[in-house]
């Protein structure tokens, strides 16, 4: 799988709202998790062992079929790792996998480093403009 919106948990649910008039319940929150490779279709592959847990992420209102991060989630590394991807979840633990993304530049961390995300977003395309 390449990174992107979860087919089962998000894309199909949104499409069913339009196509089948079903109800979509928005997640109560969003949380970022770090990975050392593509998180895969379930968002669980290659979870980082040096940067663990999930941090809360908040996003602004959609514009141009995209949303962008409005806070700066920070992680404290407990060991060495090279972070290449993230996954976004509906909860700090367990929860529902929403989407994944590759970092524009991999980040190598060692214990006690702080890894802060200042820009994370997701967009839908193509869109008619």
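FYI, it's all coordinate maths here, none of it is from the lab. The model shown is predicted, which means the values in this text are computed figures rather than measured ones. Here the Cβ is made from the backbone with ideal geometry for all residues, glycine too, and neighbour counts use every protein chain on show.
Of all residues in the range 103-129, how many are surrounded by 11 or more Cβ atoms within 10 Å (Cβ to Cβ), in a loop (DSSP other than H, G, I, E, B) and touching a strand residue (DSSP E or B) at 6+ places or on another chain (Cβ under 7 Å)?
Residues in the range 103-129 being surrounded by 11 or more Cβ atoms within 10 Å (Cβ to Cβ), in a loop (DSSP other than H, G, I, E, B) and touching a strand residue (DSSP E or B) at 6+ places or on another chain (Cβ under 7 Å): 2 in total.
Would you point out the residue of the range 83-102, among those that are surrounded by 15 or more Cβ atoms within 10 Å (Cβ to Cβ) and farther than 16 Å from residue 11 by Cβ, that is nearest to the chain's Cα centre (by Cα)?
So, considering only residues that are surrounded by 15 or more Cβ atoms within 10 Å (Cβ to Cβ) and farther than 16 Å from residue 11 by Cβ, the one nearest to the chain's Cα centre (by Cα) is 86.
May I ask you to list the residues in the range 25-42 that are under 14 Å from residue 106 (Cβ atoms) and either touching a helix residue (DSSP H, G or I) at 6+ places or on another chain (Cβ under 6 Å) or in a loop (DSSP other than H, G, I, E, B) (or both)?
Going residue by residue through the range 25-42, those that are under 14 Å from residue 106 (Cβ atoms) are 34-38.
Scanning the range 25-42 gives 36, 37, 38.
Given the criterion on the phi < 0 side of the Ramachandran plot, surrounded by 13 or more Cβ atoms within 10 Å (Cβ to Cβ) and within 15 Å of the chain's Cα centre (by Cα), identify the matching residue among 36, 70. Don't jump to the end; show me each part of the working.
Details: 70 fails: surrounded by 13 or more Cβ atoms within 10 Å (Cβ to Cβ).
Answer to the check: 36.
Looking at this structure, is residue 22 assigned to a loop (DSSP other than H, G, I, E, B), within 29 Å of residue 129 (Cβ to Cβ), touching a helix residue (DSSP H, G or I) at 6+ places or on another chain (Cβ under 9 Å) and free of Cβ contacts under 8 Å to residues at least 40 places away in the same chain? Show your work before the answer.
Details: assigned to a loop (DSSP other than H, G, I, E, B): yes; within 29 Å of residue 129 (Cβ to Cβ): yes; touching a helix residue (DSSP H, G or I) at 6+ places or on another chain (Cβ under 9 Å): yes; free of Cβ contacts under 8 Å to residues at least 40 places away in the same chain: yes.
For residue 22, the condition - assigned to a loop (DSSP other than H, G, I, E, B), within 29 Å of residue 129 (Cβ to Cβ), touching a helix residue (DSSP H, G or I) at 6+ places or on another chain (Cβ under 9 Å) and free of Cβ contacts under 8 Å to residues at least 40 places away in the same chain - is met.
Filter the range 43-54 down to the residues that are under 12 Å from the mean Cα position of the chain (by Cα) and assigned to a loop (DSSP other than H, G, I, E, B), then identify the one that is surrounded by the fewest Cβ atoms within 10 Å (Cβ to Cβ). So that I can check it myself, show each step before the final result.
Applying the first criterion (under 12 Å from the mean Cα position of the chain (by Cα)) to the range 43-54 yields 43-44, 54.
If we keep only those that are assigned to a loop (DSSP other than H, G, I, E, B) too, we end up with 43-44.
Numbers: 43: 25, 44: 12.
Within the range 43-54, the match that is surrounded by the fewest Cβ atoms within 10 Å (Cβ to Cβ) is 44.
Go through the residues of the range 104-113 one by one and say whether even a single one is under 23 Å from residue 5 (Cβ atoms) and free of Cβ contacts under 8 Å to residues at least 24 places away in the same chain.
Yes, the conditions are met somewhere in the range 104-113.
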